[in-house]
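Each remark here refers to the structure printed beneath this line.
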Amino acid sequence: MKKNKTYLFLFAMVFAAAACNTSGLKKTNSGLLYKIISDGKGEPAKKGEFLKIDFVQRVRDSVLFNSAESVPTYAKVDSVPANAYSAMEIFPMLRKGDSAVVVLLADSIQKKSGQPLPPFLRKKDRIIVSFKVLDVFANQDLVLKDRDASMEKQKEKEIKAVEDYLTTNKITTQKGAKGTYVEIKDPGTGVAVDSGKEVSVLYTGKSFPTGKVFETNTAHPNNKPIKFVVGKGRIIPGWDDGLRLFKKGGKGTLYIPAYLAYDAQPGPNNKPYENLIFDVEVVDVTDAPAEVHPNPVMPPAKITPAAKAPATTPANKTKK
């Protein structure tokens, strides 16, 4: 696997340099430029099957995403519209072991989508996506089984990175029940953080391992602590886990493996599968206010043998 990922990145670098010259690249019906390197062995992927791929996405001299740094991606082979202008157009041509590159022109993306380009793209840019087909699966059950194994390996990788960092920097921590590493600088002396308690927290979020600040509510005097009820799933799991080691007035740092942070769905200032660091201060711990459940709107009364009350639905959860 490591050899494949090294090859993929070198492959991406070569095509990034060569992509300015489009000779040798083929074109799909939508105008997508592509090239496939294949030994021609085996059958191409069929509609309904799934490709397991590693890929590198580049624009100019910047790498936008490299799946070798996280977990593989799974993509279903399916029919696509003739004007799709997507890498999915070439999926039915691919076999296990194939490598490929697609070149998407930013101005074509804008024309076909009818949407403005994101800030990091210029009109004349070329987005170069290089990928390697690691495997082909016949159905979603096989995909889920393989994905679970990949996620477990990724989890082990994240934990090792955090533990190595703590060892190198001689940081002493306690471990939360779910796996958050907590450096306790002041445990606090008031009410303990626990399920059902409303907690007020000042925090500074930092990228791992650089320590670069990406978010804070302590930068200005007017900033207020964030408030939430512990155990309700409204914050990332690493917070819910690590803050339970503090009482009111406690201060410390949470070292959170990515699987307990934003995992594959980060905010705009973070990367997928990124471990995070949070300096925290537990400003207050109180009993949570009683939840208000508004009365459901009742339909007009009907004279029936057995009238049923309308069903209610749970409120949507929100995460920090």
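Read the figures in this text as sums done on the coordinates, not as results from a lab. Given the structure is predicted, the values throughout are model-derived calculations rather than measurements. Positions of Cβ are backbone-derived with ideal geometry, glycine not excepted, and every protein chain shown enters the neighbour counts.
A few notes on this one:
- Taking GluC sites (Glu not before Pro) across segment 238-295, the ones in a DSSP loop with at most 13 further Cβ atoms lying within 10 angstrom of their Cβ are Glu291.
- Convex hull volume per residue in cubic angstrom - Cα atoms of segment 107-265: 216 Å³
- Residue-wise HN-Hα couplings along segment 174-181, as the Karplus relation 6.51 cos²θ - 1.76 cosθ + 1.60 with θ = phi - 60° gives them from phi, are 9, 10, x, 4, 9, x, 6, 8 Hz; Gly and Pro carry x.
- Amide H contacts under 5 Å for Ala84: none, restricted to partners 5 or more places along the chain or on a different chain, H placed in the peptide plane at 1.01 Å from N.
- Segment 142-224 - convex hull of the alpha-carbon atoms, volume per residue in Å³: 177 Å³
- The trypsin sites (Lys or Arg not before Pro) of segment 178-222 that meet both conditions, a loop assignment by DSSP and at most 13 other Cβ atoms within 10 Å of the site Cβ, are Lys212.
- Built amide H within the under 5 Å cut-off of Phe228, gap 5+: Val199
- Trypsin sites (Lys or Arg not before Pro) within segment 92-166, DSSP loop, no more than 12 other Cβ atoms inside 10 Å: Arg122, Lys123, Lys124
- Available extension along the chain between Arg234 and Lys157 is 25.1 nm, counting 0.36 nm per residue and deducting the alpha carbon span.
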